[in-house]
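Report on the following structure.
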Amino acid sequence: MNILTSLASRLLDATRFVSRFANRLIGGMLLLVVALIVVEVVLRKLGLASLRGVTEYSGYVLAILSSWTLAHTLIERAHIRIDLGYSKMPPVARTLLDLVSIFSVVLVGWVIALHAWPVLARSWSNGSLANTPLSTPLWIPQLIWALGYIWFAIAASVLGVRAVLAALLQGRAEVQALIGMTSESPILDAAKEERR
C-alpha cells in the first residue's frame, strides 16, 4: 500500500469514527425523544399538564437524524441497493458501476449540502423563530441539520477518493470491499465463493 492509499485509508477510518459517534449520539437523542413522547402521552391520559415542546423538538431530532445518519449508512454499506443484473455482470463492469454509483452519491451529497446552506442563512438573517410556544430560533436546529448534510458530502467524497485509489492501485476486490454491493448473507457469499 503506498503512502497516498495509506493516508486515504486513515482519513476514511477517521470519517468512520466520527460518523459512528454521530450515529450513536443521534440514536441517544431519538431514544430520549421517544421517552419524552411516552411521558407526554401518559401525562395527557392522566389529565395532568403536558410537557412543552416535545412535538417541536421531536421534529428537530428527526430532521437532524435524517442528515447525520447518511454518512454512517454509506460508509458501512448499510443502505439498500437493488440488484437488477448487478450480480450477473462481469467483475470489471461491477467495479465501474460501483465507481459511477459512489460519484453519483458524492454529487448528490454536495448538491444537497449546498442547497441546505441557503435555508440556514435565510433563517439566520431573518431572525426566524418557530411558530410554537417555545419560539425556538430556527437557525439552531437548521445549523445542526445542514452540518449533517455537509458531513455526508465530505464522507462520501473521502470514500470516493479511497475507492478510486483502490481501483487504480489495489484492484477490484478492494473496490468491492469499500463500495460494492453486499449480499444478503455472509453464508451465501461463502457458498458462492466455494462454487467458483
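In segment 146-164 there is no residue matching the filter, namely being of a type outside the set (Lys, Arg) and farther than 18 Å from THR15 by Cα.
Only one of TRP151, TRP110, TRP145 is among the aromatic types (Phe, Trp, Tyr), crowded, with 16+ Cβ neighbours inside 10 Å, under 24 Å from the mean Cα position of the chain (by Cα) and over 30 Å from LEU165 (Cα atoms). Can you tell me which?
Exactly one residue qualifies, and that residue is TRP145.
Taking the conditions (1) out of contact with any Phe, Trp or Tyr (no Cβ under 7 Å at 6 or more places or on another chain); (2) surrounded by fewer than 17 Cβ atoms within 10 Å (Cβ to Cβ); (3) touching a residue at least 60 places away in the same chain (Cβ under 8 Å) in turn, ALA63 satisfies each one other than (1).
The condition of being of a type in the set (S, T, N, Q), outside any loop (DSSP other than H, G, I, E, B), loosely packed, with under 15 Cβ neighbours inside 10 Å and free of Cβ contacts under 8 Å to residues at least 12 places away in the same chain does not hold for SER135.
No value in this document is a laboratory result; all are computed from the given coordinates. None of the values given here were measured: they were computed from a predicted structure. Positions of Cβ are generated from backbone atoms using ideal geometry, with glycine treated the same way; all protein chains shown enter the neighbour counts.
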